[in-house]
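Here's the structure we're looking at; comments come further down.
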Protein chains: 4
Amino acid sequence: MKTFLERCERAAAHGWQRIYTGPFWQHLRKTGLDRELYVGLMTEVYHFTRHNAQNQALAALRVGSDRVGLLRYCLHHAFEEAGHDLMVLHDLRSIGADSETAARARSLPETEAFVAYVFRVAQTRDATARLGYSYWAESCYTHIRELLDAMRRDLHLTDAQMTFFVAHSEVDRDHFREVETIVDTYCTTPELQAETLEVLEGTLYLQGTILDAVHARWAATRAPVLATVS
Amino acid sequence: MKTFLERCERAAAHGWQRIYTGPFWQHLRKTGLDRELYVGLMTEVYHFTRHNAQNQALAALRVGSDRVGLLRYCLHHAFEEAGHDLMVLHDLRSIGADSETAARARSLPETEAFVAYVFRVAQTRDATARLGYSYWAESCYTHIRELLDAMRRDLHLTDAQMTFFVAHSEVDRDHFREVETIVDTYCTTPELQAETLEVLEGTLYLQGTILDAVHARWAATRAPVLATVS
Amino acid sequence: MKTFLERCERAAAHGWQRIYTGPFWQHLRKTGLDRELYVGLMTEVYHFTRHNAQNQALAALRVGSDRVGLLRYCLHHAFEEAGHDLMVLHDLRSIGADSETAARARSLPETEAFVAYVFRVAQTRDATARLGYSYWAESCYTHIRELLDAMRRDLHLTDAQMTFFVAHSEVDRDHFREVETIVDTYCTTPELQAETLEVLEGTLYLQGTILDAVHARWAATRAPVLATVS
Amino acid sequence: MKTFLERCERAAAHGWQRIYTGPFWQHLRKTGLDRELYVGLMTEVYHFTRHNAQNQALAALRVGSDRVGLLRYCLHHAFEEAGHDLMVLHDLRSIGADSETAARARSLPETEAFVAYVFRVAQTRDATARLGYSYWAESCYTHIRELLDAMRRDLHLTDAQMTFFVAHSEVDRDHFREVETIVDTYCTTPELQAETLEVLEGTLYLQGTILDAVHARWAATRAPVLATVS
C-alpha cells in the first residue's frame, strides 16, 4: 500500500513540475509578483476555496456506516474547511483591496471549470476519488514556497496578511497526515486507486490552468501600457 | 425571537400528542412491548437513522460562508450523527437479534417516505428548514419516556443494551441547546420560520406513521395466532 | 418475461384492493363525493402531478446511450407529462373553484412524502425502478372507474370539466402499452425486477395514504357540523 | 428584445474568433487534418456529446408549469439529443477506427471540465442559462466550415462517414430557430440575460480549450518523430 502513496507523491510532484513550466510560474520566477497579479490570484483562490467545504460534504452523501471512518473523515474535513474562504477575503482587505469587489467578481472560466469538476467528482464518483484533490491541496505548501517568498519579498506581506496560506499551512501538516492515512485505508482496490490518481492529476492540472489564466488576464490588462512604453 | 422557539415547542408537543393517540402508543400503554414489536421498531429506526448524517450534510451544500455559523453547525452535526445507526445494530445484537437481517430488511414504505421527505427538504429548501427535524429529534427523550420504560420493564433491557437511546439522550441535551441557538440565530424571517415549522410538523407526523405501521405489521403477523385462539 | 408483467399486474391489482378497503374508498362507495371532498382530492392530485415530468427527467440522468431506448422513453415520457398539472387547475376552475388557492395550498404531508419518495427513487435507483410508478399510474383508469362515476353522478361533471382524467385516460392507453414494452425490454434481471416491483407497490401504497388523508381532512372539517346536528 | 439575440450572436462570433487564433485552428488552416488528429478530436467530441441529453434534462428539473414552454423545450431538446453520441462512434467506425477504444478512453481534463461545467450550470442556474450553450452549439455549422472542409479534403470523408456533423447540421437549422425563440421568450430580465451570455461565453471558451488540448496531445505524440527527422 505504501506504493500507492508513493505513486500519489510522484503524480503530485509531476503536476507541480508542469505548473512550474507554465506562464504564471515562469513570470513569478523572472519578475515576481505585483499587487495586481496578487489580487487577481487571490480573487480566484477565493472563488474556488468557497466551495471546498460544500463539495467535501457532497462526497460524503453516498458513504454509509460500513465505511464509518471515511464518512467521519469527509464530514470532519468539510467542517474544518468551512470559512477558509473568509481568510482569503481578510488577506485581501489587509492590503487595502476591496474584498467585496473580489467576492462579487465573475471568476475566470478556468476557475468555474475547476469548481465544477470537483463538484462532479464529489457527486458522481466514490468519496475516495476526491481524496486525490485533498492529497495535493493539503501538501501544497512545500510546492508553493516560491509563491509565498514572492508575496513576502515583493509585496512585503507579513504573516498576519497571509492568514490563508500561513495559518492554513500549519493546520495542513496534520491534515495531510490524515489524508495519507485515509488514502491508505480506503483506496484499496486498483479501481479506487485509479480514480483517486485521476482526480489528483486532473485537479492539479486544472489548478495550473487557473494560474496561467490569472497571468494571461493580468498581462492583457497591461498590454496597452507596455505598448505605450515601447 | 423567543416566541418562535415557543411555537416550535408547542408544535412538537402537539405532534407527540397526536402520536400518543395512535395505535402504536395506545398499544404501548395498554399492553407494553414484546420482543417482536421491539425488533420491528428498531429495524425501522435503523433504516432512517442511517441517513441522518448524509441528509444533514446535504443541507449544508447551499449554505455559504456568509452564514458560516449555520454552515459549521450543519457539518458538525452531520459529523456527530455519523455512525449512530451502528448503535441501533449493536442494541439489536445485544438481545440476540440478527442485526444483518435487520440491516438487509426492506423497510416499511412509511420509513422510505420519511427518509425521502427529509432528503427532499435538505435538497430543495434552505438549511434552516431541516432544523425543524432536529428540533423534535434532539429533544425527543422527554417525550418517549414511556417507550424507554417499557423497554426496561417488559424486555428487561439494561442501559448497555439501549446505547442508541440512552447514550444518545445524554449527548442530545447539549445538541438540543445548540439547535435552539441555531434556530434562534438563523430562522429570522417569517418565511424561514414557516418552513422550519412545516418541516418540524411534517417530519414528526411522518414519524408517527412509521410507529403505527410498525404496529400494524406486528399485529398482522399475529392475526393468525389470535384467530386460532378465538 | 411475460411472467414479470403478470407479477406487476397482480401487484397493482393487490394495491388497488387495499385502497378500496380504506376510509376514502369506503366513503366513496357508501356516500359518494361532495364538492369539498372533490376539491380536496384535486388539490393533492395537483401537488403530486406537478412534479411528474421533473422526476421522470431525473430518472434519465444516469441512463446512457448503451440503453438508448430507455433513455428516449424517459425523456419522451417526461415531455408528455409536462403541463398535465395545468389540466387539474383547469378542471378546478371549471367548477368555480379557485385554482390559485389550490396551487398555493400547503399540501398534505402524505402528498409531500409521496413526491419525495418518487424523487428519491428517480435519483438513487436505476431508471427502470420508476417504471413501477408509471405501471400503475398509466393503467389506473380501469381501477378508478367508481371515482369517475361519482364525479359524473354526484357533481354532474361533464367530460370538459374532467380533462385531467378523461383526456388523460385516452392518451394513457398508448402510454401503458409503451410502459409494458419498456418494462419487458429493460427489467431483465431479478434485481431490476425486484426494484421495479418494490416501487410499484411503494408508490401505490403511498398513493392510498394520500386518498385516506384527503378523506380524514375532509371529515375533520365536517366534525363540528355533525356535532351540532347530533 | 432583438438586441439580446444580437448580443448573443456577437458573443458567439467573438468566441469563435478566439478559437481561430488558437493552436488547433491555426494548425487546421496551415496543415489540415490527419487521421490521428481527427480520431483524437472525435474521441473528445464523443465524451462531451454523450452527456448532452442528460444535462439538458437536468436543466428542466426546477422549471415548473408556470413556464411550460421552457419546460417542454428542455425536455424535447433532451429527447432529441439522446443517442447523438452514437453517431460519433459510427463515424469513427466508418473510417476503421476502434469505437470501443474511443469510448473507453480517459478523456482530456479539458473535456471533463467542460462536461462538469455544463452539468453545474444545469444544476445550479436557471434553465435559461444553459440556452447559452445551445445557442452556439446549434449554430456552429457556419463557424466550423473549415473543419468540415478539411475532413472532406484531407481524409476524403463522405457524408455517410460524417453523420454526426452533416445529418446533425440539417436538423440543427430548425433547432437553432427554436433556441432563438426560446431565448427571446424566456431570457427577459437583465439578470437572466447576463447568465445566458456568461454561459454562452464560458462554454464556447472551454470548448476552445478542448480543441487546443486535442492538438497539444497530438503534437506531443509526434514530437519524437519530428525529433528523429531533424
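Here, each number is a calculation from the coordinates, and none is a lab measurement. Predicted model, so just to flag it, every value in this text is computed and none were measured. Cβ: placed from backbone, ideal geometry, glycine included. Neighbour counts: every protein chain shown.
The residue that is nearest to residue B:119 (Cα to Cα), among those in segment B:170-215 that are exposed (fewer than 14 other Cβ atoms within 10 Å of the Cβ) and within 14 Å of chain C (Cβ to nearest Cβ), is B:194.
Sort out which residues of segment D:90-99 are assigned to a helix (DSSP H, G or I) and surrounded by fewer than 21 Cβ atoms within 10 Å (Cβ to Cβ), and write them in order of number. Even if it seems obvious, please write down each step before you answer.
Quick first cut of segment D:90-99, residues assigned to a helix (DSSP H, G or I) only: D:90-94, D:99.
Passing the criteria: D:90, D:93, D:94, D:99.
Residues considered: B:98, B:66. Of these, the only one that is out of contact with any helix residue (DSSP H, G or I) (no Cβ under 7 Å at 6 or more places or on another chain), within 22 Å of residue B:191 (Cβ to Cβ) and free of Cβ contacts under 8 Å to residues at least 12 places away in the same chain is B:66.
Across segment D:54-75, the qualifying residues are those that are hydrophobic (A, V, I, L, M, F, W, C), part of a helix (DSSP H, G or I) and closer than 16 Å to residue D:118 by Cβ, and the one among them that is nearest to the other protein chains (Cβ to nearest Cβ) is D:57.
Selection within segment A:100-119: residues that are surrounded by fewer than 21 Cβ atoms within 10 Å (Cβ to Cβ), part of a helix (DSSP H, G or I) and of a type outside the set (A, V, I, L, M). The member of this set that is farthest from the other protein chains (Cβ to nearest Cβ) is A:101. Looking across segment D:76-99, the residues that are facing another protein chain (nearest Cβ under 7 Å) and not acidic (Asp, Glu) come down to D:76, D:78, D:79, D:82, D:83, D:86.
Grab the helices (runs of 4 or more DSSP H) fully contained in segment A:138-230, keeping just those with 2 or more residues being in contact with a Lys or Arg (Cβ under 9 Å, 6 or more places away or on another chain), more than 16 Å from residue A:42 (Cα to Cα) and of a type in the set (Asp, Glu).
Values: elements: A:145-155, A:163-186, A:190-229.
So the answer is A:190-229.
Being over 18 Å from residue D:24 (Cβ atoms) and not basic (Lys, Arg) holds for only one residue in D:141, D:133, and it is D:133. Looking across segment C:120-129 at every residue that is in contact with an Asp or Glu (Cβ under 9 Å, 6 or more places away or on another chain) and not small (Gly, Ala, Ser), the one that is nearest to the other protein chains (Cβ to nearest Cβ) is identified as C:120.
For first residues located in segment D:71-93 and more than 17 Å from residue D:167 (Cβ to Cβ), partners that are of a type in the set (Ser, Thr, Tyr) and lie 6+ apart or on another chain with Cβ distances below 8 Å form the pairs D:71/D:65.
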